[in-house]
Each structure stands twice: as structure tokens, then as C-alpha cells.
Amino acid sequence: MTYAADTDFLVAVEVREHTFHQFADNLLSRLLDEGHLLGLSPQSLAELIHVVTDPRRISQPLSMADAIGRAESWWQAAEVVRLLPDSRSTLLWFDLLRQHRLGRKRLLDTMLAAVCRSNGVGKIISNNEQDFRVLGFLDVVTYRE
């Protein structure tokens, strides 16, 4: 089974000082040990780079070169399924934004959900479950206690 990864999960795995690092790392290890795959979208990797290089969010931010290298390693990993947007997912994204009356702070999560749906992925790893549950078609797997 493929589990999509929200950016918050990727950040928690990458940043050792993150409050939920150990929980995220344990979940990732368990899923991979069980033979599951991790679904990644280009936008999630862009957000990952944005967050891990931001000194306002991370006490020891990565350089852009290091962040790009880590994002590329995720993208190239054998256990990763690339979740790519297409015309269908983009149209679904517009529909979801209208249907749920979502604002600008919900654009990227809603786009990720639409990409998941168009790629046949029904589970997403995120501690921001309310961002996805409102859409009604993704099972959210959290990684905190």
C-alpha cells in the first residue's frame, strides 16, 4: 500500500530536534518494514526545502544545497512512489476549493489531496488531520503519541 507523505511528516523525519521526530521516524521504519511505499509529490518536496532552510522555523536550518540534496534523495528512493499532478487532479483541486470554500492557506494541502486521489492513494501521513478529513476521501495516519 502507498501512504502519501504530507510535508509536516517529512520535516519531522528530517529534523532531529522536531517534537515528533522519533514518532515520525518510527512510523516510517515500520511502514517500510511492512513493505509499504511512501508517496511523494513535487510540491511536498518544495515545501520541505522551504521549511528546513528557514531559520525562523528550524534552530539549525540546512543550507539550500543540503536541503535540495535531501529532497532529491527522497525523490530517488526505491520505496517512493512519485505522485504527479495531472489535468484531472488540477480540475479536482478547483472543485474541492469551491465545494469546501477553502481559502489561500488551504491551497497546497488541498492540491496534495487531489493529487493523491487522482493517483489512487487513499492514505496520508500527517499530524494536520483536520486539513484532510474535511475533504472526506483520505484516511489520515498520524505520528504522535
>> Checking the condition within 24 Å of VAL141 (Cβ to Cβ) and at pLDDT below 95, which residue from ARG16, ARG70, ARG104 passes?
In response: ARG16
> So is SER59 of a type outside the set (A, V, I, L, M, F, W, C), in contact with an Asp or Glu (Cβ under 7 Å, 6 or more places away or on another chain) and on the phi < 0 side of the Ramachandran plot or not?
Replying inline: yes
> When you scan the range 111-145, how many residues do you find that are of a type in the set (Phe, Trp, Tyr) and surrounded by 15 or more Cβ atoms within 10 Å (Cβ to Cβ)?
Replying inline: 2
> Looking at the range 53-75, is at least one residue surrounded by 15 or more Cβ atoms within 10 Å (Cβ to Cβ) and under 15 Å from ASN119 (Cβ atoms)?
Replying inline: no
> Which of the residues belonging to the range 30-58 are part of a loop (DSSP other than H, G, I, E, B) and touching a residue at least 60 places away in the same chain (Cβ under 8 Å)?
Replying inline: SER41
>> With the requirement that a residue be in contact (Cβ under 8 Å) with a residue 60 or more places away in the chain, aliphatic (A, V, I, L, M) and not in a strand (DSSP E or B), what does the range 1-27 give you?
In response: MET1, LEU10, ALA12, ALA24, LEU27
> Which members of the range 76-110 meet the condition of being surrounded by fewer than 16 Cβ atoms within 10 Å (Cβ to Cβ) and of a type in the set (Lys, Arg)?
Replying inline: ARG82, ARG88, ARG98, ARG101, ARG104, LYS105
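The values are calculated or read from the model by the stated rules, or taken from the named source; none is laboratory data. Predicted, not measured: the structure shown is a model, and the values here were computed from it. Neighbour counts run over all protein chains shown; Cβ positions are idealised from the backbone, glycine included.
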